[in-house]
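J.: One structure follows; several queries about it will come next.
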Amino acid sequence: MPAFNEEATIQVALERCLAQPFVLEIVVVDDGSADKTVAIAETFDDPRVRVLKNHVNQGKGAAIRTGIQAASGEYIGIQDADLEYDPADLSRLLVPLDQGLADAVYGSRFMSNDYHRVLYYWHSVGNRLLTTASNMLTNINLTDMETCYKVFRRDLIQSIPLEENRFGFEPEITVKLAKRNVRIYEVGISYAGRTYAEGKKIGWKDGVSAVRCLVKYRLKSGS
């Protein structure tokens with residue numbers, strides 16, 4: 001669970017995650033928050049919760065990288081602390097993994113009939129364009145490359161060298177999974193997006209960076 005200045009939501013996010021019967025551990029990685037995010041996370045008296053700290057803000061990708069290497073479960077899933085995604089949906093992503101069908105599962109906001117908050121039109125257009133660009137470069141047919149919800153076999157994700165510090169994690173890991181020809185499944189999920197006033201952090205510059213990452217890792221040799 002990467003977290004940066006999420007004091008308003010991290011308590012509920014952790015409570016909802018801990019309420020899921022399949023959750024064996026939660027690695028919270030605070031990315032240099034200036035608010036009470038760490039203090040709130042550390043109040044949880046539950047052995048499943050571990051709090052790690054990047055004392056200087058490095059970006060979501062850096063926090064995810066730290067959390068992935070610290071995790072010990074059979075599967076590793078990514079859950080933001082902002083509650084845009086419902087932790088109960090993660091159980092759906094586990095099904096193809098448990099059945100031995102998949103090595104990685106993406107939660108798609110665009111192939112679901114579940115509830116969705118209506119927000120930014122151009123943001124959704126940007127997500128679809130980035131997914132299309134990703135599909136063209138990787139020759140896989142995802143519907144939502146930029147989704148936060150991704151679950152992996154731990155041995156797989158820990159074996160992939162990750163480099164991106166910010167939101168470039170999404171295109172980077174997608175290209176690297178495609179290069180390895182792993183089995184990727186998608187599952188529809190709900191989505192309750194935030195406005196920028198409510199704390200949403202991703203912007204158009206991150207979209208430009210995503211295109212750069214897609215091209216960079218597609219052309220780069222190895223994985």
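The values are calculated or read from the model by the stated rules, or taken from the named source; none is laboratory data. Here the structure is a predicted model, which is why all the values come from computation and not from measurement. All Cβ positions, glycine included, derive from the backbone under ideal geometry; neighbour counts span all protein chains shown.
J.: Considering the stretch 16-35 alone, what residues qualify as being in a helix (DSSP H, G or I) and closer than 11 Å to A81 by Cα? Spell out how you get there, then give the answer.
T.: Here is the first cut: in the stretch 16-35, the residues in a helix (DSSP H, G or I) are 16-18.
If the condition is that a residue be in a helix (DSSP H, G or I) and closer than 11 Å to A81 by Cα, then R16, C17 are the ones that fit.
J.: How do the pairs read when you match residues in the stretch 200-223 that are under 13 Å from T174 (Cα atoms) with residues anywhere that are modelled with pLDDT under 75 and in a loop (DSSP other than H, G, I, E, B), using Cβ under 9 Å and keeping only pairs 6 or more apart or on different chains?
T.: From the stretch 200-223, the pairs are Y217/S223.
J.: Within the stretch 97-118, is even one residue outside any helix (DSSP H, G or I), surrounded by 15 or more Cβ atoms within 10 Å (Cβ to Cβ), in contact (Cβ under 8 Å) with a residue 40 or more places away in the chain and of a type in the set (D, E, K, R)?
T.: yes
J.: Looking at R154, R109, can you tell me which residue is within 17 Å of the chain's Cα centre (by Cα), more than 20 Å from A178 (Cα to Cα) and of a type outside the set (V, I, T)?
T.: R109
J.: Restricting attention to the stretch 128-155, which residues are assigned to a helix (DSSP H, G or I) and in contact with a Lys or Arg (Cβ under 8 Å, 6 or more places away or on another chain)? Walk me through it before giving the result.
T.: So the first thing to find is which residues in the stretch 128-155 are assigned to a helix (DSSP H, G or I), and the list is 128-138, 154-155.
L137, T138 - these are the residues of the stretch 128-155 that are assigned to a helix (DSSP H, G or I) and in contact with a Lys or Arg (Cβ under 8 Å, 6 or more places away or on another chain).
J.: Which one of these does R50 not meet: (1) over 20 Å from S209 (Cβ atoms); (2) touching a Lys or Arg at 6+ places or on another chain (Cβ under 9 Å)?
T.: (2)
J.: Select from the stretch 156-191 the residues that are among the hydroxyl-bearing types (S, T, Y) and assigned to a strand (DSSP E or B) and write down the one among them that is farthest from L219 (Cα to Cα).
T.: Y191
J.: How many residues does the stretch 1-15 hold that are surrounded by fewer than 20 Cβ atoms within 10 Å (Cβ to Cβ), in a loop (DSSP other than H, G, I, E, B) and among the acidic types (D, E)?
T.: The qualifying residues number 1.
J.: For the stretch 66-79, give me each residue that is buried (at least 22 other Cβ atoms within 10 Å of the Cβ) and either under 19 Å from T37 (Cα atoms) or in contact with a Cys (Cβ under 6 Å, 6 or more places away or on another chain) (or both).
T.: Hits for the stretch 66-79 are I78, Q79.
J.: Mind checking which pairs have a first residue in the stretch 47-63 that is without any contact (Cβ under 8 Å) to a residue 60 or more places away in the chain and among the hydrophobic types (A, V, I, L, M, F, W, C) and a second that is crowded, with 17+ Cβ neighbours inside 10 Å and part of a helix (DSSP H, G or I), Cβ under 8 Å, 6 or more apart or different chains?
T.: V49/L14; V49/A41; V51/V38; V51/A41; L52/T66; L52/G67
J.: Are any residues in the stretch 36-47 outside any loop (DSSP other than H, G, I, E, B) and surrounded by 14 or more Cβ atoms within 10 Å (Cβ to Cβ), and if so, which ones?
T.: Initial filter on the stretch 36-47 (outside any loop (DSSP other than H, G, I, E, B)): 37-41.
Scanning the stretch 36-47 gives T37, V38, I40, A41.
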